[in-house]
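**Student:** Below are the structure tokens for one structure; questions will follow.
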Amino acid sequence: MMIKNHGFVGLLVANRSQRKNVLNQYLRYNRTNLKLFCFTPNSIDWEKKSIVGLHRLNRKWVLTKFPFPKVVYNRCYDTHPELLDRLGAIIGKDKCFNHINQFNKQEIYTNLSRWLVDYLPETVPFDKENAVHLLHVHSVIYLKPIYGHKGKGVYRVELMESGEIHISLHYFTPDIIFNDVKQFEDHIQELIGSTPYMIQEGVNIKQFNNQHFDIRALVQKNDRGLWSVTNVVSRIAYKVSYNTSICERACLSLEVLNHLYPPDKVDAIIQSVYNCSLRSAEILDEDKTYHLGEFSVDFVLDNDDRIWIIELNGKPQKDLYNGMRNQFAVYERPIQYAHYLHAH
């Protein structure tokens, strides 16, 4: 038997094993009168316009057949766009948020560079000529998969004073050493294969206790459908690593910045982070292919204390905020935004 529709929000996840954990996180902070259920792409019956979803009923986990919800929050990374387009055609394209959450990094760079070019390291599509040119100009470059996440497949390339080229993955110690630029040019394509890559200028990153750190702003829409910055945290990399995705620890960015700068300087940096994050949100909203309710912006500081936007992430890692001030809002905001969409 199908439950009657009294206002449902569906949380879409990749597989059945994720349902309970994800739903539990959001149920805890659901202050609305909406019913939440969790479902997977395989649980949709397109012909009968119904979905088998997991929900909480009388303190028990129950699988029930639901009608299509009024709103869908996509927590499924790398979903086939056709599935969400098909869902959007039924419930309304604007009722499914974080429709695209695996960003094309080169496309994002192009969009942001219209207004925020002063905060962006030089970034170009990968080819051997571009790689050699930028390596000569900047000495350090990063090769990044256009659709990458969590630092997977990101290579750091450094032109040494000796003329050697050191290539490393996650850690500063080189995995590959080329004797000269010619050898690099001849073999770099083999390293990345057929995966679409881009090249990003290497920023001379400010360190905290001899460790790389980033500044991640979580930007979410609220109960009025407006963007706000929920939290600003820093991931501190291991001493031997440049990849903050596999960090030693995470903390509020204020903890790091207060250690490095006087209060007025900290305020100015945080203000810039807020301004750039909210401007990024406005730019993404202009592009109608994205309908986002949340994303995060990763910044770094250089040794001249200038902030740089390194990348945007369409499926923010929520457990990063566990135990931090304001952590409840990380889960509360998307449900508030779903409530807003439900009412409009």
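The values are calculated or read from the model by the stated rules, or taken from the named source; none is laboratory data. Worth saying up front: this structure is predicted, and the values here are computed from it rather than measured. Note that each Cβ is placed from the backbone with ideal geometry, even for glycine, and that neighbours are counted across all protein chains shown. Side chains included, ligands, DNA and RNA excluded: accessible areas come from the protein's heavy atoms. Shrake-Rupley method; radii C 1.70, N 1.55, O 1.52, S 1.80 Å.
**Student:** Could you say whether any residue in region 240-248 is of a type in the set (Gly, Ala, Ser) and in contact (Cβ under 8 Å) with a residue 12 or more places away in the chain? Walk me through it before giving the result.
**Tutor:** The initial filter retains those residues of region 240-248 that are of a type in the set (Gly, Ala, Ser), namely 241, 245.
If we keep only those that are in contact (Cβ under 8 Å) with a residue 12 or more places away in the chain as well, we get 241, 245.
Checked against the condition, which is being of a type in the set (Gly, Ala, Ser) and in contact (Cβ under 8 Å) with a residue 12 or more places away in the chain, region 240-248 yields at least one hit.
**Student:** Could you pull out the residue among Lys144, Lys93 that is in contact (Cβ under 8 Å) with a residue 40 or more places away in the chain, closer than 25 Å to Val157 by Cβ and of a type in the set (Lys, Arg)?
**Tutor:** Details: Lys93 fails: closer than 25 Å to Val157 by Cβ.
Just a single option satisfies the conditions, and that option is Lys144.
**Student:** Quick check on region 107-130. Is at least one of its residues of a type in the set (A, V, I, L, M, F, W, C), without any contact (Cβ under 8 Å) to a residue 24 or more places away in the chain and under 28 Å from Val203 (Cα atoms)? If you could, list the steps in order and put the result at the bottom.
**Tutor:** Residues of region 107-130 of a type in the set (A, V, I, L, M, F, W, C): 108, 112, 115-117, 120, 124, 126.
Now drop any that are not without any contact (Cβ under 8 Å) to a residue 24 or more places away in the chain, which leaves 117.
Add one more test, that the residue is under 28 Å from Val203 (Cα atoms), and what stays is 117.
Within region 107-130 (the criterion being of a type in the set (A, V, I, L, M, F, W, C), without any contact (Cβ under 8 Å) to a residue 24 or more places away in the chain and under 28 Å from Val203 (Cα atoms)), the answer is yes, since at least one residue qualifies.
**Student:** Let me ask you something else. Hey, can you tell me all the residues within region 262-306 that are farther than 24 Å from Glu201 by Cα and either outside any helix (DSSP H, G or I) or touching a Cys at 6+ places or on another chain (Cβ under 8 Å) (or both)? Talk me through it step by step, then tell me what you get.
**Tutor:** Keep residues of region 262-306 that are farther than 24 Å from Glu201 by Cα, which gives 262-268, 271, 282, 285-294.
Hits for region 262-306 are Pro262, Asp287, Lys288, Thr289, Tyr290, His291, Leu292, Gly293, Glu294.
**Student:** State the number of residues belonging to region 11-33 that are assigned to a helix (DSSP H, G or I), in contact with a strand residue (DSSP E or B) (Cβ under 7 Å, 6 or more places away or on another chain) and not basic (Lys, Arg). Show your work before the answer.
**Tutor:** Of all residues in region 11-33, those assigned to a helix (DSSP H, G or I) come to 16-27.
Going one step further and asking which of them are in contact with a strand residue (DSSP E or B) (Cβ under 7 Å, 6 or more places away or on another chain), we end up with 19-20, 22-23, 26-27.
Still in the running and not basic (Lys, Arg): 22-23, 26-27.
Number of matching residues: 4.
**Student:** Having 3 or more residues that are out of contact with any His (no Cβ under 7 Å at 6 or more places or on another chain) and surrounded by 13 or more Cβ atoms within 10 Å (Cβ to Cβ) is the bar; report the strands (runs of 3 or more DSSP E) wholly within region 161-201 that clear it. Break it down into steps so the answer makes sense when it comes.
**Tutor:** Numbers: elements: 165-169, 176-178, 197-201.
In region 161-201, the matching strands (runs of 3 or more DSSP E) lie at 165-169, 197-201.
**Student:** Then there is this: So which residues in region 207-224 are open to solvent by 40 Å² or more (accessible area, probe 1.4 Å) and farther than 30 Å from His291 by Cα, if there are any at all?
**Tutor:** Restricting attention to region 207-224, the residues satisfying the condition of being open to solvent by 40 Å² or more (accessible area, probe 1.4 Å) are 207, 209-210, 223-224.
Gln207, Asn209, Asn210, listed by residue number.
**Student:** What's the total number of residues in region 33-47 that are in contact (Cβ under 8 Å) with a residue 40 or more places away in the chain and over 18 Å from Arg59 (Cα atoms)?
**Tutor:** Step one: of region 33-47, the residues in contact (Cβ under 8 Å) with a residue 40 or more places away in the chain are 34, 36, 41, 44, 46.
Among the residues that remain, those that are also over 18 Å from Arg59 (Cα atoms) are: 41, 44, 46.
Qualifying residue count for the region: 3.
**Student:** Would region 263-279 turn up any residue that is under 28 Å from Phe97 (Cα atoms) and of a type in the set (Gly, Ala, Ser)? Steps first, please.
**Tutor:** First, the residues of region 263-279 that are under 28 Å from Phe97 (Cα atoms): 270-279.
Among the residues that remain, those that are also of a type in the set (Gly, Ala, Ser) are: 272, 277.
Within region 263-279, one or more residues are under 28 Å from Phe97 (Cα atoms) and of a type in the set (Gly, Ala, Ser).
**Student:** Could you check, for region 185-206, whether at least one of its residues is touching an Asp or Glu at 6+ places or on another chain (Cβ under 6 Å) and within 21 Å of Phe103 (Cα to Cα)?
**Tutor:** yes
Yes or no, residue by residue, for (1) open to solvent by 20 Å² or more (accessible area, probe 1.4 Å); (2) touching a strand residue (DSSP E or B) at 6+ places or on another chain (Cβ under 7 Å):
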| position | (1), (2) |
| --- | --- |
| Ser272 | yes, yes |
| Leu278 | yes, yes |
| Glu286 | yes, no |
| Val297 | no, yes |
| Val300 | no, yes |
| Leu312 | no, yes |
| Lys318 | no, no |
| Phe328 | yes, no |
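**Student:** Kindly indicate which of Ser253, Ser296, Ser277, Ser272 is closer than 20 Å to Pro334 by Cβ, of a type in the set (Gly, Ala, Ser) and touching a helix residue (DSSP H, G or I) at 6+ places or on another chain (Cβ under 9 Å).
**Tutor:** Values: Ser253 fails: closer than 20 Å to Pro334 by Cβ; Ser277 fails: touching a helix residue (DSSP H, G or I) at 6+ places or on another chain (Cβ under 9 Å); Ser272 fails: closer than 20 Å to Pro334 by Cβ.
Answer to the check: Ser296.
**Student:** Also, I was wondering about something else. Counting only residues that are touching a His at 6+ places or on another chain (Cβ under 7 Å) and open to solvent by less than 20 Å² (accessible area, probe 1.4 Å), give me the strands (runs of 3 or more DSSP E) lying completely in region 56-149 with at least 1 of them.
**Tutor:** Qualifying strands (runs of 3 or more DSSP E): 71-74.
**Student:** Related question: Hey, could you check region 150-160 for residues that are of a type outside the set (A, V, I, L, M), open to solvent by 30 Å² or more (accessible area, probe 1.4 Å) and outside any strand (DSSP E or B) and say which is nearest to Asn101 (Cα to Cα)?
**Tutor:** Here is the first cut: in region 150-160, the residues of a type outside the set (A, V, I, L, M) are 150-153, 155-156, 158.
Now narrow it down to the ones that are open to solvent by 30 Å² or more (accessible area, probe 1.4 Å): 150, 152, 155-156, 158.
Those still in the list that are outside any strand (DSSP E or B) too: 150, 152.
Numbers: Lys150: 14, Lys152: 17 Å.
Among those residues, the one meeting the criterion is Lys150.
**Student:** Identify, by number, the condition in (1) part of a helix (DSSP H, G or I); (2) under 28 Å from Val154 (Cα atoms) that Cys251 doesn't meet.
**Tutor:** For Cys251, the exception is condition (1).
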